[in-house]
Structure formats: C-alpha cells, structure tokens
Amino acid sequence: MSIPTGANTNMILRLELDKEIASFGNIATAIGDSGGDIVATDVVRTEKKSTVRDITFSVYDQKHSDLIVEAVGKLPGVKVVHVSDQTFLLHLGGKIEMATKFPIKNRDDLSRVYTPGVARVSMAIHENKARAHSLTIKRNTVAVISDGSAVLGLGNIGPEAAMPVMEGKAMLFKQLAGVDAFPICLATQDVEEILLIVKALSPGFGGINLEDISAPRCFDIEKRLVEELDIPVFHDDQHGTAVVLMAGLINAVKLVGKKLEDCKIVVCGIGAAGTACTRMLLSAGVTNIIGVDRQGAILKGKEYENPFWQWYAENTNPHHIEGSLSEVIEGADVFIGVSGPGVLKAADVKKMAADSIVFAMANPSPEIMPEEAEPYVRVMATGRSDYPNQINNVLCFPGMFRGALDCRATKINEEMKLAASHAIASVVSDDELNENYIIPSVFNHVVVEKVREAVINAAYKSGVAQRRREKVQ
Ligand SMILES: NC(=O)C1=CN([C@@H]2O[C@H](COP(=O)(O)OP(=O)(O)OC[C@H]3O[C@@H](n4cnc5c(N)ncnc54)[C@H](O)[C@@H]3O)[C@@H](O)[C@H]2O)C=CC1
Ligand SMILES: CC(=O)C(=O)O
Ligand SMILES: [Mg+2]
C-alpha cells in the first residue's frame, strides 16, 4: 500500500518502550505492514528501564491511523502514551492573529493612536468618506464571509466548522498577496439576513470574498451585494474556481493539440463552481457542454425547481444527451468535476475521447483519484496540493484582490477574470508545458504578480478602477 505524500496525513505516536522487551524493528515492521510510512523518529527521554519515543508516520486517514496504533499497541513492551495529528497541532488556538504596525511606547503615542488624537482623523473621514482608504486599513482588507453551508465538499457543516477553512483563506491572502483578510462565519443562512450583515460590516473593508455559500442562494447574495456595495464582491467558489479552471484548460488543450471550442466538455456538479465554470466556458466559445448533477444530465424541456438549472438547460447540452454521468461521458474530451468524492469511475474515464483531460476538483477528495484515472487520461488535475496540477482557486483570489484593492476597483468584472485566467496560464511557458505541469504552483511568486498586473490593466480598460492610474505601480 503506497501512501500519498502530504503533511496533512502525518501522525505522531508517542510510545513508552520497555528496554528489555520492546524492539524498534518490530514497531517499524508493524507500521510498515499496516501500510504506514515512517517519516521521523525522536527520542523524548530515556530512563533506566524505559525510553519514550515519538514516531511520525504518514497515513491515509483517521481509520488508517487507528489501525496502525492498534497494531503497535499490541507489541510486547510497548505502551501507547498518546497519538497526535500534525494537522490538528497546527490548528491549536487558530492559525492567524492580529498584529500592530508599531508599538505604543508612551503617553504621547497613546494620545495619537487613540484619544484625543484619533478624533481629528475620525472627523477628517467624516468630512470625506473616501479618506477611509488612506487613513484606515480599508485599502488592504478583505472580509472572507461564509455561512458554512457548502464548506469545501463537506456540505452544510455550519459556521464554526467553516472557520478553519476561512482562517486558511485569510492566511493565504496575507502570505501570498499581503492582503489583511478576516474570517467571518455567520450564524444564519437566510439570504436577507446575510445581505444585511455584509452590508452593515462593509465600511471597514476594501473587498468582500464570499466563500463556501451553497447554490443557488450564493447567486442571489453575490448579485445583490455587487449591486448595492461600492467595493468588489467576489464569490470565490464561483469565479476563483472558474478563472483557474480556464487557465488550466487553456494550457491542457494546447498540450494535447485540441481547440477548446471543439471540445465536448462534461461538467459534474452544477452548483456554485459548476455554474460559474460553465459560464466562463460558454464565453470562451465552447458550445458542447453537458452538465450533470445527482439526477443525471441537465436537459432543455425538463422542469427544474432551481431557476439556475432552468438557465443551464437552456444554454447547454445542444445535442440533448440524456443519461447518467457514466453514459454522457462517452467521447468527452474534458471532464470537470466540482461535485463530490468518487463520482467518476475508471470505466467512465476509459470511455472518453483520446487524449482526454480530467480535472477532478472536488475537495478534499476528488471525483476520482489520480492513481485510478492516470492509465486512461492524458492530463489529470485535482484541487489538492499533494498531486501535480493543482487546480484550486488559491491561484486566483490573492492576486485578484491585490489588484482590485490597489487600483480601488468598484467591481471585479468579466474582463478582470479573463485577464487573470490568461495571466495564470502564461506562467507556464511552452517549453515547460507537459502532462504534469499545466498550471503553476501556488508557491510560484510570479503568479500573484502576474494576476495583479493583468487585473489592474483590465480594471482600467473596463472603467472600474477609481485610483489615478499614475498612482498605481
Ligand atoms: N478546486 C477548487 O478550487 C474548488 C473546488 N470546489 C469543490 O467543488 C465541489 C462543489 O463546490 P460548490 O460548487 O461550492 O458546492 P455547491 O454545493 O454549490 O454545489 C455542489 C453541486 O454538486 C452536486 N453534487 C454533489 N454530489 C454529487 C454527485 N455525487 N453527483 C453529481 N452531482 C453531485 C450537488 O447536487 C450540487 O449541485 C466541492 O467539493 C468543492 O470543494 C469548489 C470550489 C473551488
Ligand atoms: C478550494 C475551495 O474553495 C473549495 O473547495 O471550496
Ligand atoms: Mg471554497
């Protein structure tokens, strides 16, 4: 059994070993035989009769870890002290904190940053609200807002459970683009309440990043906030995903020598991400798109409760193909998965056209694991960081907001999104392009710079940038 790489699967097992009875060789064998992979061992302390050791090993999941711990615990002279998960350890107390830009060293400083000095600054903003951009953190802040209704592919797990994901997004905003992002998880899933809350908290923010809000409510929430606020509002799961998908696809079709507009594309999961990806494909000239959700292909002439599926049926599936995913995938050039784990089978991938492209983007577990699909596909990508070709909206949102904040855009429009897709795709040069490198890494610092620059140029061209051009580097 081979273990996928990635620190998120590392466990630390603390063992007390009876020096006379226990053998490290037996422990290593027990872990290896159970499919675990030892990454490191450390001696915590040694006493006369016993030693305490930490053994770090990688596993698939919690069940796999339990199995290994049980096997090791049965060995003679071995006592399991505790097991800890490196991912949980990283989350203790949360992942982010607020920091001040300078210390308050004396009364003089105090009277400037706080009362009475601060009052003059407040009054200056009162006289001209636009000054909030230069005299407060507004010009560098984004609210990452979720109601916990569609967290990754985990479903409606609630606002508290959404927090680690939103903290992660905030970390990425800061580390990759210097944007100060605040995770805000709401204890309501009512559209009107969400609108009221977001509008009410918007004065302190330069942008709103909606995250993991389920379809179809997310469409209405975003549309109305865009109309009613003068700062950029961006639903990451829709547009961030679509931008990065398009970047990956531009490069993948180039690699396999197909034209995007000639491709038969099957999109699985017609929610927030699936709808936005489809809209972007349509605007790129693709016509042969078939959307599939739980009940099969979405078809014109059928009645759907979801008004967006009504729109979807009218605008896709021109050949009126009916059936399950397994049926409609026949002859497809591209599969785009934004649904859930294990939806696509190797037998389905086998039925695709030659040089097929599979983007199984559901998180944390894709529609099909690369190991299963790879024998039958030319290009394979997932949303995960532990495989090549990570198609994930993290390649978009930091640079997108950096650009939008820097030029003080009122909106993030189609022009800015398309520019971002091309910017991301352009990071991979023709010489570098290959089956395992169609999309740049999140850690490639050029990505944010290129996206920012492309977004700023597009914002000025399309007339949504408010800052004087010469002031923006
Ligand atoms: N790689 C990336 O950057 C991103 C990946 N995603 C992933 O895409 C998935 C969907 O996210 P959202 O669109 O935000 O959620 P959503 O809740 O708005 O939509 C999910 C859709 O998938 C459908 N679906 C679920 N299981 C299915 C199945 N077995 N067969 C067919 N359809 C199925 C649902 O009925 C729903 O229409 C999640 O797993 C999420 O993690 C979302 C955004 C970005
Ligand atoms: C990546 C992301 O935003 C998601 O899976 O929901
Ligand atoms: Mg998301």
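Nothing in this text is a laboratory measurement; each read-out follows from the coordinates by a stated rule. Everything numeric in this text was worked out from a predicted model, so none of it was measured. Note that we place each Cβ from the backbone using ideal geometry, even for glycine, and neighbour counts take in every protein chain shown.
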Two-decimal ratio, the range 414-472, of alpha-carbon radius of gyration to 2.2 N^0.38 Å: 1.29
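Could you sort 367-374, 460-467, 389-396 so that the peptide with the highest average Cβ count within 10 Å comes first and the rest follow in order? Walk me through the numbers on the way to the answer.
On the way: 367-374: 20.1, 460-467: 15.9, 389-396: 23.9.
Listed from highest to lowest mean packing, they are 389-396, 367-374, 460-467.
Work out the P(r) tail for the range 306-359: percent of alpha carbon pairs separated by more than 18 Å, whole number.
Numbers: 570 of 1431 pairs.
In whole percent, the long-distance tail amounts to 40.
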Over its alpha-carbon atoms, the range 7-91 yields an Rg and a Dmax in Å of 12.2, 38
Please report the orientation-averaged projected area of the chain, defined via the convex hull of its C-alpha atoms, in nm². 28.0
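More than 22 Å apart: what percent of Cα pairs in the range 107-231 qualify?
On the way: 3433 of 7750 pairs.
Above the 22 Å cut-off, the range 107-231 has 44 percent of its Cα pairs.
Starting with the fewest neighbours, write out I298, I137 ranked by other beta-carbon atoms found within 10 Å of each beta-carbon. Intermediate values should be presented prior to the final figure.
Values: I298 25, I137 14.
Going from least to most buried by this count: I137, I298.
When ranked by the protection proxy of mean other Cβ atoms within 10 Å per residue, highest first, what sequence do the peptides 346-353, 46-53 form? Mind dumping the intermediate values first?
Numbers: 346-353: 17.6, 46-53: 13.1.
Taking the mean over residues of other Cβ atoms within 10 Å, the ranking is 346-353, 46-53.
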Hey, what do the phi angles of the range 14-23 turn into as Karplus ³J(HN,Hα) couplings, whole Hz, using 6.51/-1.76/1.60 and θ = phi - 60°, x for Gly and Pro? 9, 10, 9, 10, 6, 4, 7, 9, 6, 10
Cα Rg over Rh - the range 337-403, Kirkwood: 1.04
Hey, what do the phi angles of the range 189-203 turn into as Karplus ³J(HN,Hα) couplings, whole Hz, using 6.51/-1.76/1.60 and θ = phi - 60°, x for Gly and Pro? 10, 8, 4, 5, 5, 4, 4, 4, 5, 5, 5, 5, 9, 5, x
Under the rule of at least 5 residues apart or a separate chain, name every residue whose amide H is placed under 5 Å from the amide H of D85. I12
Could you state the principal axis extents of the C-alpha atoms in the range 204-271, from the largest down, to the nearest angstrom? 47, 24, 18
Read phi for every residue in the range 308-316 and hand back ³J(HN,Hα) as whole Hz from Karplus 6.51 cos²θ - 1.76 cosθ + 1.60, θ = phi - 60°, with x for Gly and Pro. 6, 6, 4, 4, 4, 4, 5, 10, 10
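Sorting M361, M400 on the 10 Å Cβ count, fewest up front, what's the list?
Least to most surrounded, the residues fall as M361, M400.
Considering every Cα-Cα pair within the range 354-473, what fraction, in whole percent, is farther apart than 26 Å? Can you show the working numbers first?
Values: 2154 of 7140 pairs.
That tail contains 30 percent of the Cα-Cα pairs.
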Under the rule of at least 5 residues apart or a separate chain, name every residue whose amide H is placed under 5 Å from the amide H of S50. K19
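Sort the following peptides by mean Cβ neighbour count (other Cβ atoms within 10 Å, averaged over residues), highest first: 265-274, 121-130. Working shown, then result.
Details: 265-274: 25.7, 121-130: 11.2.
Ranked from most to least packed, the peptides come out as 265-274, 121-130.
With Kirkwood's inverse mean 1/r over C-alpha pairs for Rh, give me the Rg to Rh ratio of the range 385-437, two decimals please. Provide the component values of the computation, followed by the final result.
Values: Rg = 13.2 Å, Rh = 12.6 Å.
In the range 385-437, Rg relative to Rh is 1.05.
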Scoring the chain by relative contact order with C-alpha pairs under 8 Å, at least six apart, yields a percentage of 11
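For the range 248-473, state the average projected area of the convex hull of the C-alpha atoms over all orientations, rounded to one decimal in nm². Can you show the working numbers first?
On the way: hull surface 50.4 nm².
Its average projected convex-hull area is 12.6 nm².
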